[in-house]
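Novice: The following block contains the structure, expressed as structure tokens.
The values are calculated or read from the model by the stated rules, or taken from the named source; none is laboratory data. Bear in mind that the values here come from a model prediction, so they are computed numbers and not experimental data. Note: ideal-geometry Cβ built from the backbone for every residue, glycine included; neighbour counts use all protein chains shown.
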DNA sequence: CGTTTCGTTGAAGAGTGTCAAGGCCAGTGG
DNA sequence: CCACTGGCCTTGACACTCTTCAACGAAACG
């Protein structure tokens, strides 16, 4: 754990060529501005499956833009209960929790081999001060995270197991689609226990509900492989009209 | 509803004299910097109990710093389920949800007569661009909100009714204390249903658990009036060691 | 002072959790 | 190549927490 299996690739980054730029960057940047950004994103970092990008308590220094791979973030209470607060995929920004106290308050762990762009925070602040577009974009990203978490609170606070799972699947579907993958067929990178933790359910409940969905012809499940057969059916369930 | 009972008080604001400045402002500002801030916070706004400061869908223009009073924020799903996402008291900043899409995504409603400082967002951006201390403070406030919501997710996702209520009471207690009020004796500004919505419980459950706490000598409850008798007992419950 | 909203409490039931057993699959070493 | 192992997933039976439904009492409001 002391010499983590994380290799720092001191590669020259090219945001302008990155196929994630629509997700990652503000729109309407001049070429010159993109160049300044590329200076900002100095390095990349690889994180092997199972390793942490950062852990609660780590000094906060950088934000990370996921380039490829899949991660989860978890918080832990003093008595050891763990809660998954989110799953992250390509184009998403992680590490925002660290700004408030200059130390991270959650663990972020790769669920498959992952590569991130490292964005040193003090340099981001610097560049942002003279680039209103970037600053504004950054504020919007943070705000979007707050809004996303409101949605999770709604889910955890007022939805039943089936509704939670249906919403979860549709959310994944939509995010995969936005990245050019199939919206109907994908692989769950996380275990049932991790899904359950995120949704406030036990892994057995997750398993049971997925089986029920399959039986009702809403999805096909085979271990981690999922195919959405009837998205409208899932939407019905999310809106509380399922059966 | 169309002509809301909100009066705009075009008063000169004086952050330098405000007794909330420790909560609201970054530390270590020069007098001149505080003056620039006071220009920023141009007006105040009163919101009567029951009225909304803003509603989901409203165009986002300003952030609001609560000067005095008490508010709740709620999100609503398409099918009409409502979830309280937070309660806000003096010194806290609300409206951050609006930045992401330039429209608010939640309702924020006063639970008692409330007064807020209006902070026009475009002017905040302006001033922040040349005031690193302020910008950094603002980022920390947003990040803190993200961390707070992680805590709520932990609570909703992995705690029992008694643990949720105990955590809720201790959180209120601590926030009242930080504002110079009693940490042991306070008035709940929200209804049981609102507490329940926030905690993912039904109002009857909230009522029952509070009664049980009272019976166990942890608190005194009389309608909205609460006195914390045994805070350590509540802490035990939060950490899953209750009974 | 009536009306309405809010809070408390009880009884019964639904929805998840818990516990336990077994199956599937990938990786490992013989 | 095959058996073995350990992690992950599925399914059943049962327990328990929380919700639902209902009735009543207390406080707030016009």
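Novice: Only residues that are within 14 Å of chain A (Cβ to nearest Cβ) and either under 27 Å from residue A:160 (Cβ atoms) or near DNA strand C (Cβ under 10 Å from one of its atoms) (or both): list them for the stretch B:170-194, please.
Specialist: Of everything in the stretch B:170-194, those that are within 14 Å of chain A (Cβ to nearest Cβ) and either under 27 Å from residue A:160 (Cβ atoms) or near DNA strand C (Cβ under 10 Å from one of its atoms) (or both) turn out to be B:171, B:193, B:194.
Novice: Taking only the stretch B:167-178 into account, find how many residues are buried (at least 16 other Cβ atoms within 10 Å of the Cβ) and away from DNA strand D (no atom under 16 Å from the Cβ).
Specialist: Of the residues in that region, 6 qualify.
Novice: If you scan the stretch B:196-243, which residues turn out to be within 13 Å of another protein chain (Cβ to nearest Cβ) and over 19 Å from residue B:152 (Cα atoms)?
Specialist: B:241, B:242
Novice: Which one of these is surrounded by fewer than 17 Cβ atoms within 10 Å (Cβ to Cβ) and farther than 23 Å from residue B:144 by Cβ: A:57, A:80?
Specialist: From the options A:57, A:80, the qualifying one is A:80.
Novice: Please work out which residue is nearest to residue B:165 (Cα to Cα), limiting yourself to the stretch B:199-218 and to residues that are away from DNA strand D (no atom under 13 Å from the Cβ) and not in a helix (DSSP H, G or I).
Specialist: For the stretch B:199-218, the residue satisfying everything is B:218.
Novice: When you look at residue B:221, is it within 16 Å of DNA strand D (Cβ to nearest atom), within 21 Å of the chain's Cα centre (by Cα) and not in a helix (DSSP H, G or I), yes or no?
Specialist: For residue B:221, the condition - within 16 Å of DNA strand D (Cβ to nearest atom), within 21 Å of the chain's Cα centre (by Cα) and not in a helix (DSSP H, G or I) - is not met.
Condition check ((1) near DNA strand C (Cβ under 10 Å from one of its atoms); (2) closer than 16 Å to residue B:242 by Cβ; (3) surrounded by fewer than 16 Cβ atoms within 10 Å (Cβ to Cβ)) across all residues:
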{"site": "B:196", "(1), (2), (3)": "yes, no, no"}
{"site": "B:206", "(1), (2), (3)": "yes, no, no"}
{"site": "B:214", "(1), (2), (3)": "yes, yes, no"}
{"site": "B:217", "(1), (2), (3)": "no, yes, yes"}
{"site": "B:222", "(1), (2), (3)": "yes, no, yes"}
{"site": "B:225", "(1), (2), (3)": "yes, no, yes"}
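Novice: Sort out for me the strands (runs of 3 or more DSSP E) sitting completely within the stretch A:31-138 that have 1 or more residues that are farther than 26 Å from residue A:175 by Cβ and either within 14 Å of chain B (Cβ to nearest Cβ) or modelled with pLDDT of 90 or more (or both).
Specialist: Details: elements: A:43-47, A:52-54, A:62-76, A:82-89, A:107-120.
Here the list reads A:107-120.
Here's the yes/no breakdown for (1) modelled with pLDDT of 95 or more; (2) assigned to a helix (DSSP H, G or I):
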{"position": "A:156", "(1), (2)": "yes, yes"}
{"position": "A:162", "(1), (2)": "yes, yes"}
{"position": "A:166", "(1), (2)": "yes, yes"}
{"position": "A:169", "(1), (2)": "yes, yes"}
{"position": "A:174", "(1), (2)": "yes, yes"}
{"position": "A:180", "(1), (2)": "no, no"}
{"position": "A:183", "(1), (2)": "yes, no"}
{"position": "A:189", "(1), (2)": "yes, no"}
{"position": "A:194", "(1), (2)": "yes, yes"}
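Novice: Give me the pairs, please: first residue somewhere in the stretch B:15-30 and in contact (Cβ under 8 Å) with a residue 60 or more places away in the chain, second residue anywhere and assigned to a loop (DSSP other than H, G, I, E, B), beta-carbon distance under 6 Å, and either six or more positions apart or on two chains.
Specialist: Qualifying pairs under 6 Å: B:20/B:90; B:20/B:91; B:23/B:91; B:24/B:91.
Novice: Within the stretch A:118-141, identify whether any single residue is without any contact (Cβ under 8 Å) to a residue 60 or more places away in the chain and within 15 Å of the chain's Cα centre (by Cα), and answer yes or no.
Specialist: yes
Novice: Quickly run through the stretch B:179-193 and pick out the residues that are within 13 Å of DNA strand D (Cβ to nearest atom) and within 14 Å of residue B:89 (Cα to Cα).
Specialist: B:187, B:188, B:189
Novice: Quick check on my filter: what residues within the stretch B:98-124 are crowded, with 16+ Cβ neighbours inside 10 Å and out of contact with any strand residue (DSSP E or B) (no Cβ under 8 Å at 6 or more places or on another chain)?
Specialist: Selection gives B:99, B:100.
Novice: Here's a follow-up. Return the only residue of A:194, A:145, A:177, A:204 being without any contact (Cβ under 8 Å) to a residue 24 or more places away in the chain and within 27 Å of residue A:68 (Cβ to Cβ). Give the steps one after another, and end with the answer.
Specialist: Working: A:194 fails: without any contact (Cβ under 8 Å) to a residue 24 or more places away in the chain; A:145 fails: without any contact (Cβ under 8 Å) to a residue 24 or more places away in the chain; A:204 fails: within 27 Å of residue A:68 (Cβ to Cβ).
Of A:194, A:145, A:177, A:204, the one residue that is without any contact (Cβ under 8 Å) to a residue 24 or more places away in the chain and within 27 Å of residue A:68 (Cβ to Cβ) is A:177.
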